[in-house]
1. Which pairs have Cβ atoms under 6 Å, sit 6 or more apart or on different chains, and link a residue in segment B:29-58 that is within 13 Å of another protein chain (Cβ to nearest Cβ) and surrounded by fewer than 22 Cβ atoms within 10 Å (Cβ to Cβ) to one that is part of a strand (DSSP E or B) and among the basic types (Lys, Arg)?
2. Could you please find all residues in segment A:214-235 being under 26 Å from the mean Cα position of the chain (by Cα) and away from chain B (no Cβ under 12 Å)?
3. Within segment A:1-78, which strands (runs of 3 or more DSSP E) (wholly inside it) include 1 or more residues that are modelled with pLDDT under 95?
4. Condition first: within 28 Å of A:Leu360 (Cβ to Cβ), hydrophobic (A, V, I, L, M, F, W, C) and within 12 Å of the chain's Cα centre (by Cα). Now tell me which residues in segment A:130-157 satisfy that.
5. Mind listing whichever residues of segment B:59-85 are among the small types (Gly, Ala, Ser), within 17 Å of the chain's Cα centre (by Cα) and within 7 Å of chain A (Cβ to nearest Cβ)?
6. Applying the selection to segment A:278-303, what residues are in a strand (DSSP E or B), touching a Leu at 6+ places or on another chain (Cβ under 7 Å) and within 28 Å of A:Ile157 (Cα to Cα)?
7. Look through A:Thr135, A:Thr81 and report the one residue that is farther than 17 Å from B:Leu70 by Cβ, within 14 Å of chain B (Cβ to nearest Cβ) and part of a strand (DSSP E or B).
8. Pairs needed: first member in segment A:29-42, on the phi > 0 side of the Ramachandran plot; second member anywhere, surrounded by fewer than 24 Cβ atoms within 10 Å (Cβ to Cβ); C-beta distance under 6 Å; at least 6 residues apart or different chains.
Amino acid sequence: MATKKNPFEFLLQGNEAIVLGALKAGCRFFAGYPITPATEILELFSLRLPQEDGYFIQMEDEIASLGAVLGASLAGLKSMTATSGPGFSLMQEHIGFAVMAEIPCVIVDVMRAGPSTGVPTFPSQGDVMQARWGTHGDHPVIVLCPSSVRECYDLTICAFNFSEKYRVPVILLVDEVVAHMREKVLISPDEDIEIYERKKPSVPPEWYIPYEDDLSGVPAMASFGSGYRYHVTGLTHDIRGFPTTRPDEIGPLIMRLFRKISQNLREIEKAEFYLTDDAEIIVFAYGCVARAAKGAIGEARKKGIKVGMLRPITLWPFIRPFLEKVLMKAEYIIVPEMNMGQLSREVKRVSQGKAKVITLNKVDGTIITQEEIFHEITRIDPCQR
Amino acid sequence: MPEITKLIHKYLRYDKKFPHVWCPGCGIGIMMGAMVRAIDRIGYKKDDIVLVSGIGCSGRLPVYVDFNTLHTTHGRALTFATGIKIAKSHLKVIVVMGDGDATAIGGNHLIHTARRNIDLTAIIVNNNIYGMTGGQVSPTTNYGARTTTTNWGAIEKPFEIADIVTAAGAAFVARGTVYHAKMLDSLLEKAFRKEGFSVVEVISHCHTHYGKLNKMGQAVKMLEWMRDHAIPIEKARNMKEEELKDFFIIGVLADRENTPYHKAYAEMKQRIKEGK
């Protein structure tokens, strides 16, 4: 894959970069099921993991895939799976289990046009809300969204770090364009990338309280077979892990699950600001749409329009502080999305009428182009600006 | 100290989560006792055992035993167990499921785990009904039997669990009952010792629902029914199909050698290392 000029220079597809990022992060277990447009991840893992002293298995369906991933993670391996919308729907039950039992894992959802079987080979951003609320019950979630091949690599590592650090499932939400697009990327083994490993108990086994609350809200996690015998369940449980129906134990458990995310928003929430300092118009775009938006902004700037982009890298939890920052100046926010406006509702909620929110939605299986965004920018009446 | 007290102290979380959730007279406790005796006889270290369950009455079992225990989602226990076994192949993984758990919602995982020959033991407690939710028809409910969702009698034919897993490739298949308790722990011991996917179907009873709805009496009556209708395989071999019509066979039904998944994977890795 390396080019002739530089051994660290690769021509990579987003899906391939995800695999390389996962291996770099220390992923040693992958279970999955074939589905367009995420299949390349499965295929490349089947080639690489046995070489890297890791484990790959193709399961009988997506439910089983995430089940095996959670089992392997409980046994101590960094684990992940990859799928697309239909498979992501099947995985929701086990995402909830991972939240409740606090099992680190990474789930890649390469979004394709839906609902249902939809168009397997066409792009979409239709799973944004499913990634947030797909599994039942109140739960926190971390969802990251790359918009370039290099970012696929970086955010996969970041997803593993977050999942290990906070003991949560982390979802990497990629659109088909970014997953299949090929770009030149530099990946050097000497790069100084922080890799985080889950906190393990250091107390003697008889002192170990598997779901004990502390200031961080993230209990130390023992691997099965490491001498710490404890109980893991999807039922609401007490601090020892045993099922409970006591309201004074259920409440604190659920609140802690939220707290471990909410008190670390500063680290979890990531966004890119592009020419926003003086921007009166903000394009709020993510994934492949952000790439088109950059082009459109460049064109509009040439015409003297003060426009910039806020690109959420973390889709959930929603990047409220960053949006509030650009709202200090912005009067218009254009939200182009390849869905019927799933994230624009969040933008409206935060904006609370301070800026006018203009949605640009496309659900015909084609991408939102630079021209379309440019047209939307220039449509805003200069006299009103 | 009597033997049973020693086992209770050694293997049960007796000071934590008792009394248990099961109805008085339930067969799951008998199976749990047999399982603990078999484990003790083999002498596994408690740290090396992972006990996995799904949802339902049997799903609550891991709470009570002092191993690495995992109570998963409905029907998916085998998928978690597969992940654990592949990741840490030195662990002894035991999966406890009910008939609905293993053959309805988890039926696909059951046949694929058998096909892959994952080295773990699946104990399927078959009481022919969904007990936890109040007595609904299951894939092993007998033809004509009444449940809360077959008020007019079941019109579907039941699964033969042992036949299915044998056909799918399990290395070891046995059937026991909770009446034949001593035989059950020897069957479980054989299953635990077997390398590859081993399945033990444990015929149990649900007097609370199945017994009541089908006028089969209380727990003791249902246990007596097992006594009167179970035929050991050695005896059954000399009987005609006609004669076996009203009986079910207990004992070791299949036992064969087949490379388990984790060994095949290790061989593949070795091959890659050697560049073959």
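The values are calculated or read from the model by the stated rules, or taken from the named source; none is laboratory data. Remember, predicted model here, so these are calculated numbers, not experimental data. Heads up, the Cβs are rebuilt from the backbone with ideal geometry, glycines too, and the neighbour counts pull from every protein chain shown.
1. B:Tyr44/B:Lys92; B:Asp48/B:Lys92
2. If the condition is that a residue be under 26 Å from the mean Cα position of the chain (by Cα) and away from chain B (no Cβ under 12 Å), then A:Leu215, A:Ser216, A:Gly217, A:Val218, A:Pro219, A:Ala220, A:Met221 are the ones that fit.
3. A:9-13
4. Correct list: A:Ala131, A:Val141, A:Ile142, A:Val143, A:Leu144, A:Cys145, A:Cys152, A:Leu155.
5. Once the filter is applied, which keeps residues that are among the small types (Gly, Ala, Ser), within 17 Å of the chain's Cα centre (by Cα) and within 7 Å of chain A (Cβ to nearest Cβ), segment B:59-85 yields only B:Ala81.
6. Of everything in segment A:278-303, just one residue is in a strand (DSSP E or B), touching a Leu at 6+ places or on another chain (Cβ under 7 Å) and within 28 Å of A:Ile157 (Cα to Cα), namely A:Phe284.
7. A:Thr81
8. none
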